[in-house]
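Student: There's a structure below that I have some questions on.
The values are calculated or read from the model by the stated rules, or taken from the named source; none is laboratory data. On a predicted model such as this, the values are computed, not experimentally measured, just so you know. Cβ coordinates were reconstructed from backbone atoms using ideal geometry, including for glycine residues, and neighbour counts include every protein chain displayed.
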Amino acid sequence: MKKITHICCIGAGYVGGPTMSVIASQCPEIKVTVVDINQNRIDAWNDKNLDNLPVYEPGLQEIVAANRNKNLFFSTNVDQAIDEAQLVFISVNTPTKTFGKGKGQAADLKYVEICARNIAKIAKDDKIIIEKSTLPVRTASAIKSILDNTGNNVHFEILSNPEFLAEGTAIEDLLNADRILIGGDDTPSGKAAKNTLSSIYEHWLPKERILQTNVWSSELSKLVANAFLAQRVSSINAISALCERTDANIAEVARAIGTDSRIGPKFLSASVGFGGSCFQKDILNLVYISRSFGLQEVADYWEQVIIMNDYQKRRFADNIISTLYNTVSGKKIIFYGWAFKKDTNDTRESAAIYVADALLDEQAEIVVYDPKVTAEKIYADLDYLGTRSSEENKKLVTVTNDPIAAAKDAHAIAILTEWDAFKHYDWNHIYKTMLKPAFLFDGRRLMDKKEMEDKGFKYYKIGQS
């Protein structure tokens, strides 16, 4: 088995940074270098003030502090890191295409291809290349073709090692993973490469949790895992709409079905909708792949998960408008939360963005508070939609650092992220400072209905009439 002394990861984002930090912490004899062409991102990873790390994850600061500049390095010197490494992880962004064939569904692999061509140009000795980004099935064969046809006559083994991290618990997920999936060729050199990568994870995980498959099964398993989880969220959200019309309580329904051992309780929390970097992107990729193979019914089935998620966000926004007497024009609405879930600063596909967009179409005046998301990011998320000009977004949206003071003279508050701190606010004071009737729309089922109504709020909780 090849002795590993240097690991390189291309991409210092939500996957690359935390994953490599944990590997460095568990493999002190290996130099781990995370590279990125974004100088500002690398500077943030190297910032002495750990609060400025570009990724917020509980436990990440401590691991970075303990290992940075010992065997964990963050750099823009991509060529040197690739040259030194025996293992090269590719962990770059793979956004959904916004143009051309597959627009709106297929993954845009241009950054992956750029990485492959750069590795081929630089590598002077044999290397194991590991797909860590979420990629469509058969990407490994594309990477292998580029490397074999443009390299310097060195041997490359391509492995698929998808991540199964939940943001907010990523460090715990890495340290105590349910499973590590390694896909590669079943040739002697392919098996040796899989065993080499397995030996890294065996530093801290039992070998039986490390599953080896062929590369196609590994790539598809990542998409399917996220599709199944998202399907559960959309399923319970569909029932939440029915509960509101029938006086049923979605929490009671979820508890009743979750105690069935065949179903289980996880991912049965009704909400304003799922977000994050992977669920929607991976399902759209699955839809695109299915359609490309002529499996129309399969594509339609999985696309419905996205349709239901969009419906839930739209339904929440529509309910705010109809409850506020069918007009929110000029009305002050407070958003508590912008991140797609608690304990992360990631806002990709966050429900808050789309609820805000719908309300802004009605000329609402929105004030946003999130403990980990910057004003710059909030405005960038709205600008990215292209619904209105940047100037108009800034005119209608204010970002605050004081969620309590912001509630003064507000018509309504909408809870869009389930930050624990929101439960402990002085809601009596908040109610007193708001315009009456004071409306509270709980998109995360965070508060107690009776308690909020006793304080005087007109309270709406998803999945409960």
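Student: Residues to consider are Ala241, Ala193, Ala227; find the one that is touching a strand residue (DSSP E or B) at 6+ places or on another chain (Cβ under 6 Å) and either surrounded by 18 or more Cβ atoms within 10 Å (Cβ to Cβ) or at pLDDT 95 or above (or both).
Tutor: Exactly one residue qualifies, and that residue is Ala193.
Student: Cβ-Cβ under 7 Å, sequence separation 6+ or interchain: first residue in region 173-190 and surrounded by fewer than 19 Cβ atoms within 10 Å (Cβ to Cβ), partner among the polar types (S, T, N, Q). Which pairs?
Tutor: Asp186/Asn214
Student: Restricting to region 276-331, name every residue that is at pLDDT 95 or above and at positive phi.
Tutor: Selection gives Gly294, Tyr325, Asn326, Gly330.
Student: Next question, about the same structure. Taking region 1-32 as the search range and keeping residues that are hydroxyl-bearing (Ser, Thr, Tyr) and closer than 15 Å to Lys132 by Cα, which one is farthest from the chain's Cα centre (by Cα)?
Tutor: Selected residue: Ser21.
Student: Sticking with this structure for a sec: Give me a count of the residues in region 269-281 that are farther than 24 Å from Asn249 by Cβ and either of a type in the set (A, V, I, L, M, F, W, C) or over 11 Å from the mean Cα position of the chain (by Cα) (or both).
Tutor: Going through region 269-281 one residue at a time, the tally reaches 2.
Student: Looking only at region 34-61, count how many residues are in a loop (DSSP other than H, G, I, E, B) and among the small types (Gly, Ala, Ser).
Tutor: 1
Student: Would you list the strands (runs of 3 or more DSSP E) that sit entirely within region 360-419 and hold 2 or more residues that are under 22 Å from the mean Cα position of the chain (by Cα) and aliphatic (A, V, I, L, M)?
Tutor: In region 360-419, 412-415 are the strands (runs of 3 or more DSSP E) which contain 2 or more residues that are under 22 Å from the mean Cα position of the chain (by Cα) and aliphatic (A, V, I, L, M).
Student: Then there is this: Looking only at region 420-465, filter to residues that are assigned to a strand (DSSP E or B) and surrounded by 22 or more Cβ atoms within 10 Å (Cβ to Cβ); which one of those is nearest to the chain's Cα centre (by Cα)?
Tutor: Per the stated criteria, the residue is Asp442.
Student: Right, here's the next one. Say we look at region 238-283 and pick out the residues that are part of a loop (DSSP other than H, G, I, E, B) and among the basic types (Lys, Arg); which of these is nearest to Val224 (Cα to Cα)?
Tutor: Ranking the candidates gives Lys266 first.
Student: Tyr369: closer than 20 Å to Thr323 by Cβ, touching a helix residue (DSSP H, G or I) at 6+ places or on another chain (Cβ under 6 Å) and surrounded by 15 or more Cβ atoms within 10 Å (Cβ to Cβ), yes or no?
Tutor: Spelling it out, it is not the case that Tyr369 is closer than 20 Å to Thr323 by Cβ, touching a helix residue (DSSP H, G or I) at 6+ places or on another chain (Cβ under 6 Å) and surrounded by 15 or more Cβ atoms within 10 Å (Cβ to Cβ).
Quick grid of which residues meet (1) of a type in the set (S, T, N, Q); (2) over 26 Å from His203 (Cα atoms); (3) in contact with a Pro (Cβ under 6 Å, 6 or more places away or on another chain):
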position: Ser21; (1), (2), (3): yes, no, no
position: Val35; (1), (2), (3): no, no, no
position: Asn38; (1), (2), (3): yes, yes, no
position: Lys48; (1), (2), (3): no, yes, no
position: Val64; (1), (2), (3): no, no, no
position: Asn77; (1), (2), (3): yes, yes, no
position: Glu84; (1), (2), (3): no, no, no
position: Asn93; (1), (2), (3): yes, yes, no
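Student: Search region 390-413 for residues that are within 18 Å of Phe441 (Cα to Cα) and pair each with any residue that is in a helix (DSSP H, G or I) when their beta-carbon atoms are under 6 Å apart and the residues are at least 6 apart or on different chains.
Tutor: Ala407/Ile430; Ala407/Thr433; Lys408/Thr433
Student: Can you work out which of the residues in region 203-222 that are under 26 Å from the mean Cα position of the chain (by Cα) and charged (D, E, K, R) is surrounded by the fewest Cβ atoms within 10 Å (Cβ to Cβ)?
Tutor: Arg209
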